[in-house]
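Worksheet: one structure, shown below.
No lab work stands behind these numbers, since they all come straight from the coordinates. As the structure is a computational prediction, the values presented were derived from the model and not from experiment. Every residue, glycine among them, receives a Cβ derived from its backbone with ideal geometry; neighbour counts consider all protein chains shown.
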């Protein structure tokens with residue numbers, strides 16, 4: 001089941017509950033503070049963080065008919081380290097949204113506020129199989145506060161075949177999140193990122209727990225979108241793979 005990751009950020013003080021700006025994004029429609037809900041109209045996870053946030057709320061017209069979604073916990077620094085303890089996990093009971101309505105995130109914080117939001121077609125189903133993990137690097141630096149796409153370099157040569165990505169982990173200096181861009185694909189599934197390999201991993205994004213990110217041919221690997229608080233560097237991306245077909249098509 002497909003899913004995708006979008007982001008919101010405001011680089012200013014919000015002393016009252018005010019909207020975060022939607023981060024510019026080539027794969028969904030963004031206008032100011034709004035992200036238009038695509039075909040993936042179920043909110044399955046969210047992560048709030050920033051400089052001393054005290055309240056965060058997800059808003060959409062369809063949610064307003066019942067109750068707006070208050071985020072119950074956040075990371076109190078501008079980093080995703082600590083995400084396993086505060087991520088809102090709605091994989092089994094997603095928030096239903098409406099295609100084309102506007103999704104917003106409101107926050108009270110000092111200096112910078114952030115929210116990552118995961119959208120899917122419905123409940124996320126775990127996958128299992130012969131899962132292998134491979135390390136990738138980028139050899140690239142990216143700018144701050146915006147998604148930037150870079151190539152992935154696999155540190156091993158994959159045998160000919162087709163592969164499903166069923167998990168991901170990413171690290172890098174100043175890095176906040178990473179998401180995959182598959183050749184010919186529409187959606188950009190991703191994960192919160194750490195600064196160094198020793199940072200605690202968000203286990204719901206590993207080893208099939210968040211379903212299938214996407215599939216690729218061994219000679220057409222995905223690239224990666226990166227976003228961080230400053231110039232990112234020394235990125236490492238680990239992909240959990242299941243070979244779904246051996247040999248060439």
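Could you give the length gained by full extension between residue 219 and residue 148, i.e. 0.36 nm per residue of separation minus their alpha carbon distance, to one decimal place?
23.3 nm
Tell me, how many Å apart are the Cα centres for region 139-167 and for region 185-249? One Cα centre to the other: 7 Å.
Ranked by the mean number of other Cβ atoms within 10 Å per residue, highest first, peptides 171-182, 59-70 order as 171-182, 59-70. Residues considered: 193, 76, 120. Largest GNM mean-square fluctuation over the chain, using C-alpha springs under 10 Å, is found at 76. Over region 80-214, Cα pairs under 8 Å with separation of 6+ residues give a relative contact order of 30 percent. On the principal axes of its alpha-carbon atoms, region 3-120 has extents of 33, 29, 28 Å, going from largest to smallest.
Using every pair of separate Cα atoms, the Kirkwood estimate puts the hydrodynamic radius of region 90-137 at 15.0 angstrom. Short-range pairs are left out: with C-alpha atoms under 8 Å and at least six residues apart, the relative contact order of the chain is 25 percent.
Rounded to two decimals, what is the ratio between the C-alpha radius of gyration of region 132-246 and 2.2 N^0.38 Å?
Working: Rg = 13.1 Å, N = 115, 2.2 N^0.38 = 13.4 Å.
Ratio of Cα Rg to 2.2 N^0.38 Å: 0.98.
Taking the DSSP bridge list for the chain and keeping only pairs wholly inside it, about 95 percent are antiparallel. The listed peptides 157-170, 197-210, ordered by packing as a protection proxy, come out as 157-170, 197-210 (highest mean of other Cβ atoms within 10 Å first).
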